[in-house]
Structure formats: structure tokens, C-alpha cells
Amino acid sequence: MRVAPVMQKKLEDGLRPARLVINDDSNRHAGHAGHNPDGESHFSIVVVAEAFTGKSRVDRHRMVNALLADELAGRVHALALTTLTPAEDK
């Protein structure tokens with residue numbers, strides 16, 4: 001099973017984002033720690049959600065990491081996160 005669609009579903013269900021972009025950056029990490037030759041080991045994610053309002057950047061990242069805990073414990077080695085409220089998404 002592909003990891004990206006699972007992460008997308010979890011983030012959509014958990015945060016109801018106004019915008020969600022998931023990029024598989026694994027090919028840029030070939031030869032680095034945690035790289036999986038099958039891909040889906042390194043991701044950059046942009047999440048714009050009202051749920052982040054009033055939360056610090058650390059708390060926002062914790063929210064995303066909690067939703068993706070199973071994936072982070074398995075195949076996903078690294079996430080680069082951009083977490084914004086709709087008001088911050090300009």
C-alpha cells in the first residue's frame with residue numbers, strides 16, 4: 001500500500017484542511033539515511049487548517065506528527081512541514 005494516500009486521508013480526517021499538499025521528496029535523498037529505494041521515505045507537506053489557529057508552530061507539528069505516528073514509526077523517515085492557518089496562507 002502506498003503511504004502518501006494514507007497520510008492524506010489521516011490529515012484530511014484529523015484536520016479538515018483548507019489546503020493540503022503532499023510531495024514525495026524521496027528521490028532527492030538517494031544515498032542518505034532512511035532512504036528507501038522504493039520511495040515514500042521523505043516528504044514535504046503543506047497543511048492549511050483552521051485547527052492550527054492559536055497554536056504555536058511546535059504544537060502544529062505535534063498535531064501532524066500524532067496523526068501520522070504509524071507512518072513515522074514505519075516507512076516514513078522524514079517530514080518537512082509547513083503548517084498554516086487560513087489567515088496565514090497568503
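The angle separating the long axis of helix 57-67 from the principal Cα axis of greatest extent in the chain is about 60 degrees.
Work out the length of the dipole vector of the chain about its Cα centre, built from +1 on the beta-carbon of each Lys and Arg and -1 on the beta-carbon of each Asp and Glu, and round it to the nearest 20 debye. Numbers along the way, then the final one.
On the way: 12 positive and 12 negative charges, 38 e Å.
Its charge dipole is roughly 180 debye.
Only helical runs count toward this figure. For the chain, summing -39,500 (n - 2.57) over DSSP H runs of n ≥ 4 and dividing by all residues gives -9000 deg cm²/dmol at 222 nm. Neighbour counts of other Cβ atoms within 10 Å put 47, 6, 76 in the fewest-to-most order 6, 76, 47. Sorting 12, 71 by the number of Cβ atoms found within 10 Å of their own Cβ, with the fewest placed first, yields 12, 71. For 75, 57, the sequence from fewest to most other C-beta atoms within 10 Å is 57, 75. Only beta bridges with both residues in the chain are counted; by DSSP, about 45 percent of them are antiparallel. Just checking my list [x] 64; [y] 36; [z] 29 against percent of Cα pairs over 21 Å apart computed from this structure; which label fits? Here the calculated entry is [z].
Projecting the Cα atoms of 3, 76, 64 onto the dipole axis of the chain, where Lys and Arg carry +1 and Asp and Glu carry -1 at the beta carbon, places 64 farthest toward the positive end.
What full-extension length gain, to one decimal in nm, is calculated for residue 88 and residue 57 as 0.36 nm per residue of separation minus the Cα-Cα distance? Each step should come with its number before you reach the end.
Values: separation 31, 0.36 × 31 = 11.16 nm, distance 1.22 nm.
Extra length from residue 88 to residue 57 when fully extended: 9.9 nm.
Any read-out appearing in this document is the output of simple, stated calculations on the displayed coordinates, not a laboratory observation. Everything numeric in this text was worked out from a predicted model, so none of it was measured. Cβ: placed from backbone, ideal geometry, glycine included. Neighbour counts: every protein chain shown.
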